[in-house]
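Novice: Here it is, the structure in full.
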Amino acid sequence: MTDFTGKQELSGLKERLRKSAGNVRARALQMVYHAKLGHPGGDLSSADILTTLYLAVLRIEPGNPSWPERDRFILSKGHCSAALYATLAEAGILDEQALQTFMEPLSLLNGHPDRNKVKGVEANTGPLGHGLPIATGCALAAKMQKASWRTFVLTGDGEVQEGSNWEAALCAAHYGLDNLTLIIDRNRIQQGDFTETILKLDPLAEKWRAFGWYVVEVNGHDYDDLLRVLSAVPHEKGKPTCVIANTIKGRGVSFMENKPQWHHRVPLESELAAALAELEKDEP
Amino acid sequence: MSEGASAIETFDCRNAFASTLEEMAARDPRVCAVVNDSIGSTKLKGFRDRFPERFVNVGIAEQNMVGTSAGLATGGMIPFCCGASCFLTARSMEQVKVDLGYAKNNVKLCGMSSGMAYGELGPTHHSIEDLAWTRVIPNLTVIVPADPVETRAALLWAKDHVGPVFLRLSRMPVPKLLLDNHVFLPGKAATLRDGDEIAIIANGVMVARALDAAERLHARGVEARVINMASMSPIDRDAVLRAAQETRGIVTAEEASIYGGLGGAVAEIVAEEHPVRVKRLGVPGVFAPTGSAEFLLEHFGLTAAGIETAAIDLLDKETTQ
């Protein structure tokens, strides 16, 4: 974990995160374009969260992904695998060349991540509502072993409609798992439409508070916000942390932003070119 | 065995389960238990009192129970995830498939009171589909122990095996059938009685009944081979094929649906490799009526007499063909 006390150091880190997140966005879109499959909207909404975790928050050894004392990160929204793989490449865990094989026949990079194929992946996700129960178990394991490693899990917002999350929410609070941090990518859009049209989630923070969690809302594209909150967990002893990261689905590409169809639309060649040009110009 | 199970000392395999789990936990700090408000039915009160820091009660929440167990394994523990088999498998099937089988997490599912052990409670509480559901999941070893010795042997093997295991346990009283030094081996059946006229392949509570049936057949001059197929997946293909090649037919007996479980697995193997007549005894594609476990086993012919009759019918069909 990085110490952010020096202003100059923080500014350098933020610049690095901005560049890495830009790379993750561009690579994810290229991967989806080449595979003619994927979930670009969620890749773009989660890119800043993923890069902040991997480059500044998680205690990991990139050359030793199975280090027992590593922090565990679980991407519960496994459909955003392109962003995860691109982030693993940014972090030096995954060979960048491998990204070109995304979803190709016999590739190690499935459409949804497989921990037995890709180093650094902790859970096989894809069906929604699996990550939080697994993360709860990881946090319990650390407590049983009196170990200091922490567990982070990123879910979608539509994903929390799955009941298994609320089973795990009760469990994590009951066992006082303050070594567990849930981040919800609150882009307000799910596969079919806006979350509040399909099945209302608001008031989301109140729900998690009522389940016994420490809840904090952040701007999921603001590195100051993300670093401040994610590097300071646990925020309350004896309580798991829920970070509601307010994001924009399709963030960084104007014509993809906040449009439900980009949940899993594949860009045309001209759209990819326009998107990459926009990302190239993106200013902090 | 000819006196029938009632004349012989019988055992509730959950006692061997609970004592073995405690013994393993005492030796290995990675062993932990996860239950779904099922301390009584799993007989794990002793484990909870002895290892409270390694005992997780997730409440009535089976999806989270299996997911949390997968996470405990990811964090380096060896969780034994214990609940009534009907809820453990049906309610959490996707977690069993993805978090355990596909992800190869080192979780030991312990399905208690399987089959029709909860007889009077009705089909909601029967678990006769679990073998069909679990044996199609790659990487998941499926074990149906026949007695307390095999229950213990299977647990000891499961703890040392790195990978997901489903132990299908019962609360039905069964006699001790195996020697105390029995070692469980995946994919290896045990021939408990030799015979070359017909083969009876059984598992779980049906093994003792199959041995009784063989004794009754012997009295009629029919020599039956009895095979204990505790390892449902991987199954012992060679033992099945030898039975097909060396006898005149196979009767399977399981406390489960005849579709997809042991009978289904045996029929698949012989149909592909060496077709012989197979009679599957089990629950024939219906929800069971009301009645005690023992009543229901009799109702579906899952008794020594029922197996004997099925064997004689099969041999008659072979003779008149």
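Novice: Rounded to the nearest 5, what % of DSSP beta bridges with both residues in the protein assembly as shown are antiparallel? Before the final figure, lay out each step's value.
Specialist: Working: 9 of 65 bridges.
Close to 15 percent.
Novice: Also, I was wondering about something else. Once you measure Cβ to Cβ distances between cysteines in the protein assembly as shown, which Cys have no partner under 4.7 Å?
Specialist: A:Cys80, A:Cys138, A:Cys171, A:Cys242, B:Cys13, B:Cys32, B:Cys81, B:Cys86
Novice: Mean 1/r over all different Cα pairs, inverted: what Kirkwood radius does the range A:100-247 give, in Å?
Specialist: Details: mean 1/r = 0.0618 Å⁻¹.
Final number for the Kirkwood radius of the range A:100-247 is 16.2 Å.
Novice: Multiplying the sequence separation of B:Glu94 and B:Glu298 by 0.36 nm and subtracting their Cα-Cα distance, what value in nm do you get?
Specialist: On the way: separation 204, 0.36 × 204 = 73.44 nm, distance 3.35 nm.
Length gained, B:Glu94 through B:Glu298: 70.1 nm.
Novice: Only helical DSSP H runs with n ≥ 4 go in: add -39500 (n - 2.57) per run for the protein assembly as shown, normalise by residue count and round the 222 nm mean residue ellipticity to 500 deg cm²/dmol.
Specialist: Working: 21 runs with 233 residues, N = 605.
That comes out to -11500 deg cm²/dmol.
Novice: Between A:Asp282 and A:Leu268, what is the label-to-label distance in nm when each label sits 7 Å out along the Cα-to-Cβ direction?
Specialist: 2.4
Novice: How large are Rg and Dmax for the protein assembly as shown when only the alpha carbon atoms are used, in Å?
Specialist: Both quantities, over Cα of the protein assembly as shown: 27.4, 93 Å.
Novice: For a 32 Å ceiling on Cα separation, which of these pairs sit above it: A:Lys36/A:Lys119; A:Lys281/B:Lys104; A:Lys119/A:Lys200; A:Lys143/B:Lys97; A:Lys237/B:Lys43? Don't jump to the answer; show the numbers that get you there.
Specialist: Details: A:Lys36/A:Lys119 24 Å; A:Lys281/B:Lys104 44 Å; A:Lys119/A:Lys200 36 Å; A:Lys143/B:Lys97 27 Å; A:Lys237/B:Lys43 34 Å.
Over 32 Å apart, Cα to Cα: A:Lys281/B:Lys104; A:Lys119/A:Lys200; A:Lys237/B:Lys43.
Novice: Which lysines have a Cα lying under 27 Å from the Cα of B:Lys279, excluding residues fewer than 8 positions away in the same chain?
Specialist: The qualifying lysines are B:Lys176, B:Lys188, B:Lys317.
Novice: Could you go through the range B:95-103 in sequence order and give the Karplus-derived ³J(HN,Hα) for each residue, using 6.51 cos²θ - 1.76 cosθ + 1.60 with θ = phi - 60°, rounded to whole Hz, and x for Gly and Pro?
Specialist: 5, 5, 5, 8, 6, 9, x, 5, 7
Novice: Then there is this: Cα centroids of the range B:291-321 and the range A:67-108: how far apart, whole angstrom?
Specialist: Using only Cα atoms, the two centres lie 55 Å from each other.
Novice: Now a separate question. Given the options B:Ile78, B:Ile198, B:Ile39, state which has the largest fluctuation in a GNM of chain B using a 10 Å cut-off (strictly under) for Cα springs.
Specialist: Largest GNM mean-square fluctuation: B:Ile39.
Novice: With only alpha-carbon atoms counted, please give the Rg and Dmax of the range A:7-281, in Å.
Specialist: Answer for the range A:7-281, Rg first and Dmax second: 17.4, 54 Å.
Novice: Against the longest alpha carbon principal axis of chain A, how many degrees, from 0 to 90 and to the nearest 10, is the axis of helix A:40-52 turned?
Specialist: 50
Novice: In whole percent, what relative contact order does the range B:9-175 give with Cα contacts below 8 Å and a gap of six or more residues?
Specialist: On the way: 324 pairs, mean separation 47.9, N = 167.
Once divided by the residue count of the range B:9-175, the mean separation gives 29 percent.
Novice: Sticking with the crude label model, points 7 Å out along Cα→Cβ, report the distance from A:Glu96 to A:Ser148 in nm, one decimal please.
Specialist: 3.4
Novice: Between the range A:166-217 and the range B:88-162, what is the separation of their alpha carbon centroids in Å?
Specialist: Here the two parts' Cα centres lie 31 Å apart.
Novice: Stretch B:Ala26-B:His218 to full length: gain in nm at 0.36 nm per residue minus the Cα-Cα span? Please list the in-between numbers first.
Specialist: Details: separation 192, 0.36 × 192 = 69.12 nm, distance 4.58 nm.
Here the segment from B:Ala26 to B:His218 would lengthen by 64.5 nm.
Novice: Determine ³J(HN,Hα), in whole Hz, for all residues of the range B:189-195 in sequence, where each value follows from phi through the Karplus function 6.51 cos²θ - 1.76 cosθ + 1.60 and θ = phi - 60°; x replaces Gly and Pro.
Specialist: My calculation for the range B:189-195 gives 8, 10, 7, 8, 7, 8, x Hz in order.
Novice: A further question follows. For A:Ile74, list long-range residues whose amide hydrogen, built 1.01 Å from N in the peptide plane, is under 5 Å from its own amide hydrogen.
Specialist: Amide H to amide H, under 5 Å and 5 or more residues apart or across chains, A:Ile74 pairs with A:Phe152, A:Val153, A:Leu154.
Novice: Considering only DSSP beta bridges with both partners in the range B:177-321, what is the antiparallel share in %, to the nearest 5? Please report the intermediate quantities before stating the final value.
Specialist: Details: 3 of 17 bridges.
Taking every DSSP beta bridge within the range B:177-321, about 20 percent pair in antiparallel fashion.
Novice: Once R0 is set to 60 Å, what does the formula 1/(1 + (r/R0)^6) return for the Cβ-Cβ distance between B:Asp313 and A:Ser107, expressed as a FRET efficiency to the nearest 0.05?
Specialist: Details: r = 54 Å, r/R0 = 0.89.
That pair, B:Asp313 with A:Ser107, gives E of 0.65.
Novice: Here is a follow-up. Using amide H atoms built 1.01 Å from N in the peptide plane, name the residues 5+ places from B:Ile258, or on other chains, whose amide H lies under 5 Å from its own.
Specialist: It is B:Val283, B:Gly285, by chain and number.
Novice: Counting only residues 5 or more places away or on other chains, whose amide H sits under 5 Å from the amide H of A:Glu217 once H atoms are built in the peptide plane?
Specialist: Amide H neighbours of A:Glu217, under 5 Å, 5+ apart: A:Ile244.
Novice: Also: Restricting attention to the alpha-carbon atoms of chain B, what are Rg (one decimal) and Dmax (integer), both in Å?
Specialist: For chain B, the Cα radius of gyration and maximum Cα-Cα distance read 18.9, 65 Å.
Novice: While we're looking at this one, here's another question. Spelling out what I want: for every residue of the range B:262-277, take phi, set θ = phi - 60°, compute 6.51 cos²θ - 1.76 cosθ + 1.60 (Karplus), and round to whole Hz; glycine and proline get x.
Specialist: Values, residue by residue: 4, x, x, 5, 5, 4, 4, 5, 6, 5, 7, 10, 7, x, 9, 6 Hz.
Where a number appears in this text, it was derived from the coordinates with a stated rule and is not lab data. What you are looking at is a predicted structure, and each value in this text was computed from that prediction instead of being measured. Cβ atoms come from the backbone with ideal geometry, glycine included; neighbour counts cover every protein chain shown.
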